[in-house]
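Read the structure below first, then the notes.
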Amino acid sequence: MAERPVAIVTGASRGIGRAIALELASLGYDLVVNRVQDSLPKTKTEAEELGAQCEFAQGDVSKAEDRRRLVETTKSKFGRCDMLVNNAGVSVAKRVDMLETTEESFDRVIGINLKGPYFLTQQVANWMIEQKKEHPERAFRIVNIGSISAYTSSPARGEYCVSKAGVTMMTKLYADRLAEYNIGVFEISPGIIETDMTSAVKGKYDKLIAEGLTPIRRWGRPEDVAKAVGAIAEGRLDFSTGQVINVDGGFHLRRL
Ligand SMILES: NC(=O)c1ccc[n+]([C@@H]2O[C@H](COP(=O)([O-])OP(=O)(O)OC[C@H]3O[C@@H](n4cnc5c(N)ncnc54)[C@H](OP(=O)(O)O)[C@@H]3O)[C@@H](O)[C@H]2O)c1
């Protein structure tokens, strides 16, 4: 078994997932980084430059077989998993009025953003419970990357909103179920973060932010989200569980 703690980060090739993987590498974690495409993510070499051992496990989180392979890779390479970060996610392929949304788009988004993390967490949580019995001194944590879309209506991408609302409930459920094993479960709720996912709507959000959509008038950066995950990984929230941590420039505040 590896001596350093090990984290699985899904969707770690770019954007928020990449920043989280590098933050964890800098905090002394070894990593299993995942992405859906087959090419090696540069995150692997970047994490290694920070002193981490880093394995790449390609896989589609919406597919049971790929999730099993991801966990098997972690077991065979490291023999332990101390942290799971469910970050992989997609927006809708095309914004469509919810009165016209197809079942195909709904199934795709729910499969990747909700069903995938739900059952990956189930698999990893069962393994964490086993590990906890043998190593009660070790800390185990699960972080789900949600979104302000969990509670903000965007009728042109309803299936994305529903998927993220589901992640909020999933966080509460696993936090409740795993508390007896002292496994902390958290949701990070990012606001508008500058990544490939938001590049198509950059002009729209530039304007909204400049007009005051968020009390803190700037785009979020992947590193903003990664630092919050880092605080959890360092054990700074160890008497909390089921917590939603807003990393959104204050978007969630209601203002009058
Ligand atoms: N950007 C924002 O403003 C924002 C705001 C709130 C929440 N979020 C959430 O934050 C998370 C990361 O978003 P991001 O902006 O960093 O996205 P991004 O830049 O588009 O990166 C998405 C990552 O997820 C991976 N991925 C996509 N589908 C996958 C699948 N089926 N199985 C495994 N990996 C898959 C991608 O892998 P490949 O490189 O192989 O395609 C990539 O690593 C998502 O859950 C998103 O919903 C983002």
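The values are calculated or read from the model by the stated rules, or taken from the named source; none is laboratory data. This is a predicted model, so every value here is computed, not measured. Virtual Cβ from ideal backbone geometry, glycine too; neighbours counted across all protein chains shown. Surface areas here come from the heavy atoms of the whole protein model, side chains and all, with no ligands, DNA or RNA. Shrake-Rupley method; radii C 1.70, N 1.55, O 1.52, S 1.80 Å.
Give, in nm to one decimal, the length gained when the segment between E48 and A64 is fully stretched (0.36 nm per residue of separation minus the Cα-Cα distance).
2.9 nm
At 0.36 nm per residue, minus the direct Cα-Cα distance, what do V96 and K207 gain on full extension? Give it in nm, one decimal, please.
Using 0.36 nm per residue and subtracting the Cα-Cα distance, I get 37.8 nm.
Could you calculate the contour length gain from T152 to H135, that is, 0.36 nm times the residue separation minus the distance between their Cα atoms, to one decimal place in nm?
Going from the current span to full extension adds 2.0 nm.
Taking 22 Å as the cut-off for C-alpha to C-alpha distance, list the pairs among K44/K77; K75/K132; K94/K202; K115/K204; K75/K133 that go past it.
Over 22 Å apart, Cα to Cα: K115/K204.
How high is the relative contact order of the range 120-248, given as a whole-number percent (alpha carbon pairs under 8 Å, six or more residues apart)?
Relative contact order, the range 120-248: 29 percent.
Ordering T101, T171 by accessible area with a probe of 1.4 Å, largest first, what comes out?
T101, T171
What is the spin-label model distance, in nm, from L237 to E72 if the labels are put 7 Å beyond Cα along the C-beta direction?
The two pseudo-label positions are separated by 3.3 nm.
List the residues, sorted by chain then number, that are 5 or more residues from I245 or on another chain and whose placed amide H is less than 5 Å from its amide H.
Excluding prolines and chain starts, which carry no amide H, the hits are E187, I188, S189.
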